[in-house]
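Read through the structure below, which is laid out as structure tokens, and then see the notes.
Quick note: the coordinates plus some simple rules give every number you see, no bench work behind them. Everything numeric here is computed off the predicted structure, so don't read it as measured data. A quick note on method: Cβ atoms are made from the backbone with ideal geometry, for glycine too, and the neighbour counts reach across all protein chains shown.
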Amino acid sequence: AQTVTQSQPEMSVQEAETVTLSCTYDTSESNYYLFWYKQPPSRQMILVIRQEAYKQQNATENRFSVNFQKAAKSFSLKISDSQLGDTAMYFCAFMTLVSGAGSYQLTFGKGTKLSVIP
Amino acid sequence: DAGVIQSPRHEVTEMGQEVTLRCKPISGHDYLFWYRQTMMRGLELLIYFNNNVPIDDSGMPEDRFSAKMPNASFSTLKIQPSEPRDSAVYFCASSERLGDRGQNEQFFGPGTRLTVL
């Protein structure tokens, strides 16, 4: 079974600073996908960034970037120039396709609550 | 596109009552997922459908929970009878496709906050 671990239940960062959220996972699969979702107080789950395991290049989306270390099974999220609107819960998610079964498995971490301080 | 639509946004009911949550996925998406989110257990996948067919319901907690997808644009999650421990936020999500080279990300609805007294 896949597991996703977010070891930081809560974090805070000063506005305009940079913060890194950690995520590790455990799997025996070689082909999989990783996601970071953001859940602001409005409760809406919003995709922040995704990474395909077969791609060596780290994904970036504007101020958001990942450090994907496949051998270490690590997938951290870096937020640059933090803004007040970044205050939210951040969930790391891992997805793998079950070969031959036509199905997939998606596992979410417990989340990291990020507070951006003015 | 309006995104994934869920109704109601809030539901308060008494123990023993039947509760029905509704979801309209994004048009053209082949996959639909139901999740439950609680403080204790985080985000849990309950069931998902592919082309209206349930593929994996192993996350459904017990027989009191049932889900249907009668057509590509509508799904329901029913709890009968409801219990206080069912109180949670229930999310519906949809995905265009899944595959080795697919986009794979899921688009979530706003959730339904269920409170069972």
message = Let me check against my output: what whole-number percent is the relative contact order of chain A, with C-alpha pairs under 8 Å and at least 6 apart?
response = 36 percent
request  = For segment B:40-49, just list the computed ³J(HN,Hα) in residue order, Karplus coefficients 6.51, -1.76 and 1.60, θ = phi - 60°, integers in Hz, with x standing in for Gly and Pro.
outcome  = 6, 10, x, 9, 10, 7, 8, 7, 9, 10
request  = With the convex hull built on the Cα atoms of chain A, state its orientation-averaged projected area in nm².
outcome  = 7.3 nm²
task = Based on a Kirkwood Rh over C-alpha pairs, give the Stokes-Einstein translational diffusion coefficient of segment B:1-114 at 20 °C and viscosity 1.002 mPa s in µm²/s.
result = 152 µm²/s
message = Here is the link list: A:K70/A:K113; A:K78/A:K113; A:K38/A:K78. Which ones come out longer than 18 Å on Cα distance?
response = A:K70/A:K113
note = Loop-resident chymotrypsin sites (Phe, Trp or Tyr not before Pro) in segment A:54-118 with no more than 14 other Cβ atoms inside 10 Å, DSSP not H/G/I/E/B, are A:Y54
note = When the charge dipole of chain B is computed with +1 at the Cβ of Lys and Arg and -1 at the Cβ of Asp and Glu, the Cα pointing farthest to the positive end, of B:P110, B:F91, B:S58, is that of B:P110
inquiry  = Under 15 Å between alpha carbons, and skipping anything fewer than 8 positions from B:K24 in its own chain: which aspartates and glutamates qualify?
reply    = B:D1, B:E96
ask   = Can you pull the percent of Cα pairs in segment A:1-61 with separation above 13 Å?
value = 74 percent
key: Whole-angstrom Cα spans of the protein assembly as shown along principal axes, big to small   = 48, 45, 34
query = How far, in nm, would the chain grow between B:I5 and B:N52 when pulled straight, counting 0.36 nm per residue and subtracting the alpha carbon separation?
reply = 15.3 nm
